[in-house]
2 protein chains.
Amino acid sequence: MSLLVVGSVAYDEVETPFGKCEKMLGGSASHFSISASFFTHVDIVAVVGGDFTDGEVFESRGIGTRDVERISEGKTFRWGGRYEYDLNVAKTLYTDLNVFADFRPKLSEESKHSRLVFLGNLQPDLQRGVREQMPDAELVALDTMNLWIDHTRDSLVRTIKGVDVVIINDAEARQLTAIPNLIKAAREILSWGPKALIIKRGEYGAALFTPDSYFAIPAYPLESVFDPTGAGDTFAGGFMGYLSSQETLDESAMRRAMIFGSVMASFNVEEFGTERVKRLTHAEINDRFHAFKRMTHFDEIPFEAKV
Amino acid sequence: MSLLVVGSVAYDEVETPFGKCEKMLGGSASHFSISASFFTHVDIVAVVGGDFTDGEVFESRGIGTRDVERISEGKTFRWGGRYEYDLNVAKTLYTDLNVFADFRPKLSEESKHSRLVFLGNLQPDLQRGVREQMPDAELVALDTMNLWIDHTRDSLVRTIKGVDVVIINDAEARQLTAIPNLIKAAREILSWGPKALIIKRGEYGAALFTPDSYFAIPAYPLESVFDPTGAGDTFAGGFMGYLSSQETLDESAMRRAMIFGSVMASFNVEEFGTERVKRLTHAEINDRFHAFKRMTHFDEIPFEAKV
């Protein structure tokens, strides 16, 4: 079992109504890999600057960093954002791409033979370039963002045609297809080729669409959300990490993977950055998995007409 | 088994991007009772004007109308609304309360002994007045709207303290408690006394809160929503109607009732007014119940750490 993630490693500065953190480990590859590391071995392809000093977090989680390029004379990607009480929407204060601006993913020979790949939010040409170097991957998943839908939609659609699973949020699905109805938008995206589409809905949960099935789950009910940064990548990490631990990547496995993704995301938002997730235990993860079963269970006793 | 609903009977004029209907049967008691009639016997307490000519619909569904007051010299409540492509929000064009303006629910002796009661969206003093006439009811549920939260919040809270189940949407729960986090808002409402709180979330489904459990379901995935008017009351009708058919009103029954409520609401939005629901069959209802089971099922195989 082996899983590769291509994405960003960053330092985030985040302000929420509950507190402020001036510098914490962030970026899609960080959140994804720490989450996935509870389920499988995961390797990162990313770039950092000479100022990066948090390699120990990856090491302690057994995450492979042989493809993390270090540009000593450059600085690590930095992002600053603020959340108001509506924690669904981040207000970006600044984005300093730094060494990430010229990121060209370089895959070692071992990485090219990973069984599963997650293409984190990147320019879609770069995502496609990675995918083309890994023709034997059993399952390739992709995330994206509104920026690429706005500016490079054609390239993004071409990239989507070459992957197995698309993981985006509902606004992105509507924007990508220009179809307001989410179910129709999902059918459109699946018609381009992917075997599965996952729609993340924040506090409303997530849904899994395949050409002939639909699966939907609520979010874990949290009385306080502290910092939502990285929740989407943490979800993807739990999803892909669990799949990577399974021999058969069928729909049954994907449904369970959705639950594990939601479990990991629910922990992520409880503290700043990767703080909560990195010290999780398997018992805590499994407890919350069971909670999902309890909160979605109903007996199948159909109504018998009394007439 | 007997169920009573107190609410409005109205004529609606509705315009959606897909069509227009100048006059159709509407109102909370109409949508509720037609939906509930597939599961139980239901009686209506309401008022209509001399222009009301749709009694046949109630008759054909076996709905009791002995407490429907007819004011010959008055006109039936009329509401006009328009939906844009975002079908979640109705724009009210006009509200002519007519005979509904002076509605004072009058319950016959038989009605006072109904086992279950649904207090449709009414001024909360009136709702409380009905509840006080029915001290022996086994389960009393209530709906409300932003108007009553804005203008008569104290009375509404007092009414909520006297009922068993509150059925509202997420914006109303937040407004009622002034708590942005839905889970905390739900805890607050339950602390006032009700045994259960149902939060309707439109296209995102619904959730059931009790003092010690949480249950959440997605909405049935619809590729086209034609007219959402009455979906909330149709949900409540399926929920209360199914409960009324059950001997034991425990949490297991309430969870199944949530599914039947969602099933009925999903049919309601497929056509104008009560058109789709009134000609449903039990087979169609049960088929969609089974679909809910399929779209929420996952195997409970927790993750075993490979370490």
| Taking the label point as lying 7 angstrom from Cα along the Cα-to-Cβ axis, what are the distances from residue A:93 to the corresponding position in the remaining copies, in ascending order and in nanometres? | 4.9
| query | Taking the Cα centre of region A:33-122 as the origin and placing charges on Cβ (Lys, Arg +1; Asp, Glu -1), which of A:38, A:81, A:122 is farthest toward the positive end of the dipole? | reply | A:122
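Quickly rank A:61-70, A:281-290 as a protection proxy: mean count of other C-beta atoms within 10 Å, highest first. Intermediate results must be reported in sequence, preceding the final value.
Numbers: A:61-70: 16.9, A:281-290: 14.9.
Final packing ranking: A:61-70, A:281-290.
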| Kirkwood Rh and Cα Rg combined as Rg/Rh, chain B | 0.96
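Partner chain Cβ atoms within 10 Å, averaged over the residues of A:247-257 - can you pull that number for me?
2
Which of the peptides B:235-242, B:206-213 is most tightly packed, and how do the rest follow, judged by the mean count of other Cβ atoms within 10 Å per residue?
Those peptides, ordered most packed to least, come out B:235-242, B:206-213.
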| field | residue A:297/residue A:57 FRET efficiency (R0 45 Å; Cβ-Cβ; nearest 0.05) | value | 0.80
| message | For the pair residue A:72/residue B:84, report the inter-label distance in nm, with labels modelled 7 Å from Cα in the Cβ direction. | response | 5.8 nm
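Regarding the protein assembly as shown, what's the average projected area of the Cα-atom convex hull, expressed in nm²?
Values: hull surface 108.4 nm².
Here the figure is 27.1 nm², rounded to one decimal.
In chain B, which whole DSSP H runs stretch at least 24 Å along their own axis (Cα) and average 0.0 or higher on the Kyte-Doolittle scale? Display every interim value, and only then the final one.
Numbers: long enough: B:251-268 (25 Å, 0.37).
Qualifying helices, which must be both long enough and hydrophobic enough, are B:251-268.
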| Closest approach to the A-B rotation axis by any Cβ of A: residue and distance in angstrom? | A:204, 2
| query | Any idea how far the Cα center of region B:145-213 sits from the one of region A:1-62, in Å? | reply | 39 Å
| task | Would you mind calculating the relative contact order of chain A from Cα pairs under 8 angstrom and at least 6 residues apart, reporting the percent as a whole number? | result | 18 percent
| query | How high is the relative contact order of region B:225-307, in percent, counting Cα pairs under 8 Å that sit 6 or more residues apart? | reply | 33 percent
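Quick one: if you take sqrt(5λ) for each eigenvalue of the C-alpha gyration tensor of region A:213-260, what semi-axes come out, biggest first, whole angstrom?
Details: eigenvalues 106, 36, 11 Å².
In descending order the semi-axes read 23, 14, 8 Å.
Would you mind estimating how fast region B:193-275 diffuses translationally, via Stokes-Einstein at 20 °C and 1.002 mPa s with the Kirkwood radius over Cα pairs, in µm²/s?
Using the Kirkwood radius from Cα pairs, D works out to 165 µm²/s.
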| task | Would you tell me the mean number of C-beta atoms belonging to other protein chains that fall within 10 Å of each C-beta in A:129-135, as a whole number? | result | 0
| note | Over 27 Å (Cα to Cα) among B:75/B:200; B:106/B:161; A:106/A:161; A:75/A:106; B:75/B:106 -> B:75/B:200
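Ignore the peptide's own chain and count Cβ atoms of other chains within 10 Å of each Cβ in A:212-218; give me the average, rounded. Spell out each step's value before the answer.
Working: counts 0, 2, 7, 6, 11, 7, 11.
The mean count of partner-chain Cβ atoms within 10 Å per residue comes to 6.
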| field | Local electrostatic count, residue A:47, Cβ distance below 12 Å [Lys/Arg +1, Asp/Glu -1] | value | +1
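How charged is the neighbourhood of residue A:152? Take every other residue with its Cβ under 10 Å from the Cβ of residue A:152, and add Lys/Arg as +1 and Asp/Glu as -1. Write out the running numbers ahead of the final one.
Working: positive: A:153, A:158; negative: A:125, A:150, A:154.
Within the 10 Å Cβ shell, the charges total -1.
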| field | Net charge of Cβ neighbours under 13 Å - reference residue B:4; Lys, Arg +1; Asp, Glu -1 | value | -1
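Where a number appears in this text, it was derived from the coordinates with a stated rule and is not lab data. What you see is a predicted model, and the numbers here were worked out from it, not measured in a lab. So basically every Cβ, Gly included, is an ideal-geometry build from the backbone, and we count neighbours across all protein chains shown.
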